[in-house]
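Report on the structure given below.
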Amino acid sequence: MAKKIILGKTFFNELYTFFGFNSQEQLDIKKASLFPLGKGTDEIATTSIFLSSLKAVKEYRENLILNLGIKKIKNKNIDLHVFTEVSCEDDKDRPDGVIVLTSGKKNPIIEWICLVEAKVGNNKIDDIQIEKYIDFAKSIGIDTIVTISNQLVSDVTDSIVNTKKANQFKKLFHWSWTYLSVEAKKLLLHDMVDDIDHVYILSELRRYFENNKNIKNFNTMDGNWKDATKEILEYGYNGKIPEETINKVIHSYKQEEKDISLQLTDRTGYDVKFKISKLDRDKELFQMIQEEKKITSTYFIKGNEKQYFILELDLISRTLKCSTKISIIEGKAQAQTTKLLNTIKDPAISDDIKIKACYLRKKHTNYIPLETLLEEQGKTTYSTVNKDYGDTIKEFELVIMDDLGGDMYKNKIIVQKMETLTEVFLTKVFINFI
């Protein structure tokens, strides 16, 4: 006789056996989905599903809209409304969506409103189209537009559109689909959604984002990367590189450095931020490449801005490096080194980590493998100790390096290398000092 379900006694994790599946995972594949895939991944469907989730999940909408500087979203009597494909006057250009905040129940009034223009896949935000929406928005009293695409920006307050009219329109914001997915993950990971039904909706939105073929993170440098970086190698450290060549490198690198912080946050659960300079990033990168033939990007974990790590790409030596500087105040050089070693909890990668002891007056040791220092622990004086330089170490510099060689010119491999090295450094080294 076939085994039967006994109500009140049969465990749920046995259910798959009654339907002939070999595992719970096989049954899970058959779960009903709130947001179906397939044809439901185009621009209209993707935008509609996102906006509906924004409406449904209080914590999600508050988080995203508060980051635009709209503090009224936290008010108790605020309600949010979302619409898709609302027509402009001539019906030729239709913004993909509208988000409205209202206050009051009997006769609500509009407290804030914005137009939404979204693109999926390889489609980019169109400058001319946005300029038309700016004219339309101004004509009916709307002062905010949010664009959404796979394009990345350093901060949501940075616009993806760079035209005279767009620059004059002060409230032009941008959300990348990756950013929207990561923000949902953060809320779920840290149990910041109170209602269990809302947890389900946000989880389904994450699943939808992850399986939507038209939503993707930055995973390859563009077609100019290989030739441009090879050309820079020929100029060496002292050569003057043509402006056009540098700009080709900057175009791809800017997208990747922004994506790294999002990918690290998504993979590790730490809220990793890209440190935004007060200087124009394009000019800053241009100067780095021209003068040093290197590019550096700085990252920190939210709430610990003073402690950061740096990713450095040397375009001539073709090396990739992650580094951070750690200050240990207590004790003298020997004791300082011991405390440093006791803080690094994963000796499995000790042969990859190099440490330099930096003393006052710019005196420092050579890079010493962590493996060497661990072998010296309790047996002899550390290689970091040099009494000629002083009694105490000002700071330690910790480094992990990857010799890229020909991988520098492989558009997908270089992105993978950058993301892997930063993740290893963050989780195995940097996080120990936060």
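The values are calculated or read from the model by the stated rules, or taken from the named source; none is laboratory data. Nothing here was measured: the structure is a model prediction, and the numbers come from that model. Glycine also receives a Cβ, built like all others from the backbone with ideal geometry; neighbour counts cover every protein chain displayed.
Things worth noting here:
- Some residue of segment 251-274 being part of a helix (DSSP H, G or I), farther than 24 Å from ILE148 by Cβ and either free of Cβ contacts under 8 Å to residues at least 12 places away in the same chain or touching a Leu at 6+ places or on another chain (Cβ under 8 Å) (or both): yes
- Search result, residues across segment 214-234 that are in a helix (DSSP H, G or I) and either closer than 15 Å to HIS251 by Cβ or without any contact (Cβ under 8 Å) to a residue 40 or more places away in the chain (or both): TRP225, LYS226, ASP227, ALA228, THR229, GLU231, ILE232, GLU234
- When residues in segment 41-68 are screened for being touching a Lys or Arg at 6+ places or on another chain (Cβ under 9 Å) and small (Gly, Ala, Ser), 2 of them pass.
- Residue that is surrounded by the most Cβ atoms within 10 Å (Cβ to Cβ), among those in segment 144-186 that are among the charged types (D, E, K, R) and touching a residue at least 24 places away in the same chain (Cβ under 8 Å): LYS185
- Taking the numbered list (1) more than 15 Å from the chain's Cα centre (by Cα); (2) farther than 15 Å from LEU64 by Cα in turn, ILE148 passes all entries but (2).
Results for (1) assigned to a helix (DSSP H, G or I); (2) more than 26 Å from LYS74 (Cβ to Cβ); (3) touching a strand residue (DSSP E or B) at 6+ places or on another chain (Cβ under 9 Å); (4) modelled with pLDDT of 95 or more, shown as yes or no for each residue.
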| position | (1), (2), (3), (4) |
| --- | --- |
| LEU115 | no, no, yes, no |
| ASN123 | no, yes, yes, no |
| GLN129 | yes, yes, yes, no |
| ILE148 | no, no, yes, yes |
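- Against the test of being under 21 Å from ASN123 (Cα atoms), part of a helix (DSSP H, G or I) and either in contact (Cβ under 8 Å) with a residue 40 or more places away in the chain or not hydroxyl-bearing (Ser, Thr, Tyr) (or both), the options TYR200, TYR208 yield a single qualifying residue, TYR208.
- Qualifying position, being touching a residue at least 40 places away in the same chain (Cβ under 8 Å), under 22 Å from the mean Cα position of the chain (by Cα) and more than 24 Å from ARG318 (Cβ to Cβ), among PHE425, PHE396, PHE433: PHE433
Listed here are the residues, each with its yes/no results for (1) modelled with pLDDT of 95 or more; (2) of a type in the set (A, V, I, L, M); (3) over 24 Å from SER53 (Cα atoms).
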{"position": "ASN217", "(1), (2), (3)": "no, no, no"}
{"position": "ASN224", "(1), (2), (3)": "no, no, yes"}
{"position": "ALA228", "(1), (2), (3)": "yes, yes, yes"}
{"position": "LYS240", "(1), (2), (3)": "yes, no, yes"}
{"position": "SER252", "(1), (2), (3)": "no, no, yes"}
{"position": "LYS275", "(1), (2), (3)": "no, no, yes"}
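- When we screen ILE295, ILE289, ILE326 for residues that are under 20 Å from LYS428 (Cα atoms) and buried (at least 18 other Cβ atoms within 10 Å of the Cβ), the only hit is ILE326.
- Any hit, segment 344-357, residues being closer than 23 Å to GLU371 by Cβ, in contact with a His (Cβ under 8 Å, 6 or more places away or on another chain), hydrophobic (A, V, I, L, M, F, W, C) and at pLDDT 95 or above: yes
- ILE241 meets the stated requirement of being hydrophobic (A, V, I, L, M, F, W, C), in a loop (DSSP other than H, G, I, E, B) and more than 30 Å from LYS339 (Cβ to Cβ).
- Of note, LEU311 does not satisfy the criterion of being over 18 Å from the mean Cα position of the chain (by Cα) and not in a helix (DSSP H, G or I).
Yes/no matrix, rows are residues, columns are (1) within 30 Å of LYS248 (Cα to Cα); (2) assigned to a strand (DSSP E or B):
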residue: ILE316; (1), (2): yes, no
residue: CYS322; (1), (2): yes, yes
residue: LYS325; (1), (2): no, yes
residue: ILE329; (1), (2): no, no
residue: THR337; (1), (2): no, no
residue: LEU340; (1), (2): no, no
residue: ALA348; (1), (2): no, no
residue: ILE355; (1), (2): no, yes
residue: LYS362; (1), (2): no, no
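- Those residues of segment 370-390 which are within 30 Å of the chain's Cα centre (by Cα) and either assigned to a strand (DSSP E or B) or surrounded by fewer than 17 Cβ atoms within 10 Å (Cβ to Cβ) (or both), in sequence order: none
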